[in-house]
Amino acid sequence: MSTWALARLIAAKDLRVERRSKIVTNQVLPFAGITMVSFAFVLDKQNVIDTVAPGLIWLATMFSLLILVQRSFGIETDDGALDAMRVAGVDAGAIFLGKALALAVQLLVLEVMLFVAAIIFYGESIQSGRAVLAFFNEPTDVNGVEVVLAGLTSPGQSPIFATVLLVTTMISATCGLAAVGTLYGGLAAGFKGSETLLPLLTIPAVAPVLIGATKAVESAVGTSGAAVSEGWQWVSLLAVFAVAAGVGGALAFGPLIDD
Amino acid sequence: MDAPQPPSSMSLPQTSRVDDAASRADPRSNQVIVLDDVVAVLGQFPALAGVTLTVERGEIVLLKGPNGAGKTTLLRLCAGLLRVERGAATVLGFDLATQRHELRSHVGLLGHQNGLYLDMDVRENVQFWGRTVGASDTEIDQAMVRMGVAGRLADVPVRKLSAGQKRRTALACLVARRAQVWLLDEPHAGLDAIGRDELDATLVEASQAGATIIVASHELERAGNLATRIVEVIGGQVHDTRATTAKAPGPSS
């Protein structure tokens, strides 16, 4: 069986387990939502929220990533399945890719929900918030899609380019987060106290993703007057990070969980 | 290649991959495991200090010995999980010094945990492990029937199974992924009397189907009745080996 076919098998298994257990919908999403609400209460100044909202989205994503990774490897260690895969000679690169793929899918769903939450909770501070509210309140006045696209950007920004930038940022940042999370999740799974070890390893490692993704989203939504064109250099950083973490993780995962 | 073949009545799935592995074994004998003065270390500690042992196809071998004697280490070595520091070792014809990663997909090691996904049902677990080696739906169904987890149990989440049912599901996974050598560490632990009887019957049946089985156990009376040979391990060495009165059920008998 090819590495890619094995990876898809493992990803499908992880997503099936998640569909059964509903950990993401019942625990991770509420956790992320509460985090967003808490930030909104604590930073109860419009100009502050205007400035930090993109970063808050990615911070909430990172915290949720830690829970998702714990869960992803929890199902492997509950009854020794990760060890069994190692014993069975399942390609470690396929295990890494499969688990990272499943994690990325869950993260993408989470990020979409967080962006919607940001629009709702920080709506008064971000242009997109007003646009979406307008979309729901007066849907017959104008084309709804155009309203949303326009709302995702500040005045003067191209809504299509900004949306492309936003989507590209989400995808590339998600790939990087999933790769790093899977790598360190696999490493921490073999140690006692993995609950504390995982954040210690993961948070510093994903710092470049947090910074890059925040800057790129700032450009996409026009925070502090940032232009869309300024965001692509950050997307480049995210893409390089994702490729490096993906390739490095696939190569390093075997030795990490073996011997 | 006249490598020993299981009897035609067995229901162990036949595949070219199995044949490839079987063809690696010495065609002049039924020897599946050959260890000659093998040394393996755990950290700085020589957990196996010169083990010499030969196991033939279809045998059920009981490893006995005190705690820390090296029984589990011996099983892990045979599964290709430990390096051979000294001596010569082959399992299914794979040289453990150079091919232990290649060996792994041909052997099954079942320790205190079952390696199952608790939120998935029995069928999904067996399917998953079978699919990792490209097993067909028919092979997967056969494995479940052989281990008695087909029918109403098939759709039950593993989390809701009894310890014995989980054990049988794990063994079905071993069958589905075509393991030819079963390495079982305390397989009776946690099972009630019925579960133990079922497990014993399963092991005898698997042996009859051509599987070679090594069991590490402290439950000498039960496992001893099952085994065709008892090997005593003390201090990382084989201290004694003797055949039992049990008739070897495998094809070599």
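The values are calculated or read from the model by the stated rules, or taken from the named source; none is laboratory data. Just so it is clear, the model here is predicted, and its values are computed rather than measured. Quick reminder, even Gly has a Cβ in these numbers, built from the backbone with ideal geometry, and neighbours come from all protein chains shown.
Name the pairs: first residue in segment A:189-217 and assigned to a helix (DSSP H, G or I), second residue of a type in the set (Asp, Glu) and surrounded by fewer than 22 Cβ atoms within 10 Å (Cβ to Cβ), Cβ to Cβ under 9 Å, at least 6 apart or on different chains?
Note: pairs meeting the criteria are A:Lys215/A:Glu230; A:Ala216/A:Glu230.
Within segment B:139-175, count every residue that is within 11 Å of another protein chain (Cβ to nearest Cβ) and of a type in the set (Gly, Ala, Ser).
1
Do the conditions hold for A:Leu56, that is, is it in a helix (DSSP H, G or I), touching a Pro at 6+ places or on another chain (Cβ under 6 Å) and either away from every other protein chain (no Cβ under 14 Å) or within 16 Å of A:Val105 (Cα to Cα) (or both)?
Values: in a helix (DSSP H, G or I): yes; touching a Pro at 6+ places or on another chain (Cβ under 6 Å): no; either away from every other protein chain (no Cβ under 14 Å) or within 16 Å of A:Val105 (Cα to Cα) (or both): yes.
Answer is no for this residue.
Return the pair list, or none, for Cβ contacts closer than 6 Å from residues in segment B:202-224 that are farther than 14 Å from B:Thr244 by Cβ to residues that are among the acidic types (Asp, Glu), at least 6 apart or on different chains.
Final answer for the pair search is B:Thr212/B:Glu59; B:Ala216/B:Asp185.
For segment B:112-121, enumerate the residues that are within 7 Å of chain A (Cβ to nearest Cβ) and more than 26 Å from B:Arg76 (Cβ to Cβ).
The initial filter retains those residues of segment B:112-121 that are within 7 Å of chain A (Cβ to nearest Cβ), namely B:113-120.
Scanning segment B:112-121 gives B:Asp119, B:Met120.
Can you tell me which residue in segment A:1-53 is farthest from the other protein chains (Cβ to nearest Cβ), limited to those that are charged (D, E, K, R) and exposed (fewer than 14 other Cβ atoms within 10 Å of the Cβ)? So that I can check it myself, show each step before the final result.
Of all residues in segment A:1-53, those charged (D, E, K, R) come to A:8, A:13-14, A:16, A:18-20, A:22, A:44-45, A:50.
Filter once more, so that each one left must be exposed (fewer than 14 other Cβ atoms within 10 Å of the Cβ): A:19, A:22, A:44-45.
Numbers: A:Arg19: 9, A:Lys22: 10, A:Asp44: 41, A:Lys45: 44 Å.
Selected residue: A:Lys45.
Yes or no: segment A:87-96 includes at least one residue that is within 30 Å of B:Leu82 (Cβ to Cβ), at pLDDT below 90, within 14 Å of another protein chain (Cβ to nearest Cβ) and in a helix (DSSP H, G or I).
Yes, that holds for at least one residue.
Say we look at segment B:81-129 and pick out the residues that are closer than 18 Å to A:Asp258 by Cβ and among the polar types (S, T, N, Q); which of these is modelled with the lowest pLDDT?
Among those residues, the one meeting the criterion is B:Ser105.
Name the one entry in A:Glu218, A:Glu146 that is at pLDDT below 90 and either under 30 Å from A:Thr77 (Cβ atoms) or surrounded by fewer than 20 Cβ atoms within 10 Å (Cβ to Cβ) (or both).
A:Glu146
Restricting the search to segment B:57-108, which residues are charged (D, E, K, R), part of a loop (DSSP other than H, G, I, E, B) and within 14 Å of chain A (Cβ to nearest Cβ)?
B:Arg83, B:Glu85
On the given criteria, is B:Ala49 modelled with pLDDT under 90 and either touching a strand residue (DSSP E or B) at 6+ places or on another chain (Cβ under 6 Å) or assigned to a strand (DSSP E or B) (or both)?
Yes, satisfied.
Within segment B:122-138, is even one residue within 13 Å of chain A (Cβ to nearest Cβ), within 19 Å of B:Leu62 (Cα to Cα) and touching a residue at least 40 places away in the same chain (Cβ under 8 Å)?
Scanning segment B:122-138 turns up no residue that is within 13 Å of chain A (Cβ to nearest Cβ), within 19 Å of B:Leu62 (Cα to Cα) and touching a residue at least 40 places away in the same chain (Cβ under 8 Å).
Taking only pairs six or more apart or across chains, which ones have beta-carbon atoms under 6 Å, a first residue in segment A:29-54 that is farther than 12 Å from A:Tyr122 by Cβ, and a second residue that is of a type in the set (Ser, Thr, Tyr) and at pLDDT 85 or above?
Every condition considered, the pairs that remain are A:Ala32/A:Ser64.
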